[in-house]
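Visitor: Right, I'll just put the structure down here and ask away after.
Coordinate-derived values only; no laboratory data. None of these values were measured; they are calculated from a predicted model. Quick reminder, even Gly has a Cβ in these numbers, built from the backbone with ideal geometry, and neighbours come from all protein chains shown.
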2 protein chains.
Amino acid sequence: MTAMRVNGKSASRIDLLDRGFQYGDGVFTTLLVQDGVPLFLERHFERLTRDCQRLAIPPFEWALLRQDVMAVLGDQRQGVIKIQITRGAGGRGYRTPGVVSPARVVVLHPPSRFPDQYSSAGIEARYCHVRLGINASLAGIKHMNRLEQVLARSEWQDNGVAEGLMLDHEGLLVEGTMSNVFLVKGRQLQTPRLDRCGVAGVMRSIIISAASTLGLSFSECRLTPAAVDAADEVFLTNSIIRLWPIRCLEGKSYPVGPVTCELRDWLKQTVTDEISRWSRG
Amino acid sequence: MTAMRVNGKSASRIDLLDRGFQYGDGVFTTLLVQDGVPLFLERHFERLTRDCQRLAIPPFEWALLRQDVMAVLGDQRQGVIKIQITRGAGGRGYRTPGVVSPARVVVLHPPSRFPDQYSSAGIEARYCHVRLGINASLAGIKHMNRLEQVLARSEWQDNGVAEGLMLDHEGLLVEGTMSNVFLVKGRQLQTPRLDRCGVAGVMRSIIISAASTLGLSFSECRLTPAAVDAADEVFLTNSIIRLWPIRCLEGKSYPVGPVTCELRDWLKQTVTDEISRWSRG
């Protein structure tokens, strides 16, 4: 059921000279399809647009990308859509060509299969040895240079461990290999500031926007592993898994606490609303 | 005259699901073709092999890759060959699939056109604002995550400036955007240690091997911009440009000094030897 499009046409291959393949010179986003709805599509488009801007990749047309998304989706009800925008083909060497014609790649994958209890009862996580390099120019962008994550994810094969937390070069907490991380202390919600490395996920921004609605105090800050130790609750987010509580991290146990549950319920309702909003057109 | 091969077959496109396109999950090398000879081919194969090993990409067969190189080369006498080895297609998500089938991509490009005086009289260079993130896991590897270089190279459009020097996150000198950098002080040759970031180029290793032959003292070390300021001579290397003296860096002038000239002459002779060695089979 994998459907693929490149620049508005059905295709399963990309130009070898595309800078996405040459240098990872592009950005991407991954979104969940539920009940036939590509969830939070506008937010994903906004994020792609912002990330393109950061890398000086010319903006794509939302209407065309939307057509691509609907075309790969067809009549599928569930799945995962990955969108990549690259700087396009051109130029041997790092210098960007004068005229750039970005490539738009959209692929529908089958739904991911994670056990239901990951959301309900929480997951076991670990710390990764591979650290994230600090680079303000790339921080926050979901760009296609993802070797740090590939290496970090290759550190464990144990299927009992669902995610690995990553620290930066200086030992501060940044994110999971494929997720953002939040700490809860009382009614206080915290997540690492992503101005030096890390990916600012769409689900992260949705959770942040929920904080004020739910009367939680929220801050982006520098967090150490000691802060994780001292947290009442810890959870992970991304657009596919939505929200996973951490129940165990390197031997330490955490409850699936009240704030985590509140956010998870709020998110479930928000998705339901999004689906009905979409159905009403 | 661009000829391209993927896994031993003529092809101009790569699978969208190839991890090279998805995550920059691969390595590459770029080599010069002169008088029909792909220069220092074994050294490039060695480097690719070492880099694959670092990323746990299964080793490729040298004989097959050599066939690809000769096939794209055909009867061309001059050009640039870029070889990419990726982890291949498979797995949505960073986790590497259990069975991996790496992809072998070989492309022949037309010769690069740089003015002759870059080699003879030297170039003007600048410092880039974009810094290199520090990550020991990736340091030294010529991997396909090259956004830092793309961003650094986009900082200037002035054709009078041929290369930009890059510092790491902590302000230490690492390399040029597409080259390695050497400092000369008397008969002492120095180049940045690449254990925290940077690409350990094939031409860099050739220059290092020349040092003892020529009776130069050599060290890899931590170098600051102040050390560049204090150097007698500064030059850049890579497999395509070979060796470019820096004659001007941010307003400061350097001579094309005796050690630089000695190394440049040695290199010219070494290339001549390599070409006759190849011709004799």
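Visitor: Only bridges with both residues in the range A:108-252 count here: give the DSSP antiparallel percent, nearest 5. Don't skip to the answer; put the middle values down first.
Guide: Details: 16 of 30 bridges.
Taking every DSSP beta bridge within the range A:108-252, about 55 percent pair in antiparallel fashion.
Visitor: For the protein assembly as shown, give the share of DSSP beta bridges that are antiparallel, in percent and rounded to the nearest 5; count only bridges with both residues there. If you can, show how the numbers build up before the last one.
Guide: Details: 88 of 116 bridges.
Percent antiparallel among DSSP bridges in the protein assembly as shown is about 75.
Visitor: Within 10 Å of each candidate Cβ there may be at most 15 other Cβ atoms; applying that plus a DSSP loop requirement, which GluC sites (Glu not before Pro) in the range B:135-167 survive? Show your work: numbers first, answer last.
Guide: Values: sites: B:148, B:155, B:163; in loops: B:155.
When the GluC sites (Glu not before Pro) of the range B:135-167 are filtered for loop state and at most 15 Cβ neighbours within 10 Å, B:155 remain.
Visitor: Among A:82/B:142; A:9/A:142; B:142/B:268; A:9/A:82; B:82/B:142, which pairs are too far apart, with a Cα-Cα distance over 19 Å? Working shown, then result.
Guide: Working: A:82/B:142 27 Å; A:9/A:142 24 Å; B:142/B:268 25 Å; A:9/A:82 16 Å; B:82/B:142 12 Å.
Checking Cα-Cα distances, A:82/B:142; A:9/A:142; B:142/B:268 exceed 19 Å.
Visitor: Can you quote the Å³ per residue value for the convex hull of the Cα atoms in the protein assembly as shown, rounded to an integer?
Guide: Per residue, the Cα convex hull of the protein assembly as shown comes to 149 Å³.
Visitor: Rounded to the nearest 5, what % of DSSP beta bridges with both residues in the range B:3-109 are antiparallel? Could you put the intermediate results ahead of the total?
Guide: On the way: 24 of 24 bridges.
Approximately 100 percent, going by the DSSP bridge assignments.
Visitor: Work out which helices of chain A, taken as complete DSSP H runs, extend at least 15 Å along their axis over the Cα atoms and score a mean Kyte-Doolittle of 0.5 or more, then list them.
Guide: Qualifying helices: A:62-73, A:202-213.
Visitor: Now for a separate question. Assuming a viscosity of 0.692 mPa s and a temperature of 37 °C, what translational diffusion coefficient in µm² per second does Stokes-Einstein assign to chain B, Rh being the Kirkwood radius over Cα pairs?
Guide: 167
Visitor: Counting each DSSP H run of 4 or more residues in chain A as -39500 (n - 2.57), what helix-only mean residue ellipticity at 222 nm follows after dividing by all residues, to the nearest 500 deg cm²/dmol?
Guide: -8500 deg cm²/dmol
Visitor: Now a separate question. Reported to two decimal places, what Rg/Rh ratio describes the range B:37-127 when computed on Cα atoms with Rh from the Kirkwood expression?
Guide: Radius of gyration over Kirkwood radius for the range B:37-127 works out to 1.09.
Visitor: Please identify every one of the trypsin sites (Lys or Arg not before Pro) in the range B:190-281 that sits in a loop by DSSP and has no more than 10 other beta carbons within 10 Å of its own beta carbon.
Guide: The qualifying sites are B:280.
Visitor: Show me the GluC sites (Glu not before Pro) within the range A:27-83 that DSSP assigns to loop and that have at most 14 other Cβ atoms within 10 Å of their Cβ. List each step's numbers first, then the result.
Guide: Values: sites: A:42, A:46, A:61; in loops: A:61.
Counting only loop positions with at most 14 other Cβ atoms within 10 Å, the GluC sites (Glu not before Pro) in the range A:27-83 are A:61.
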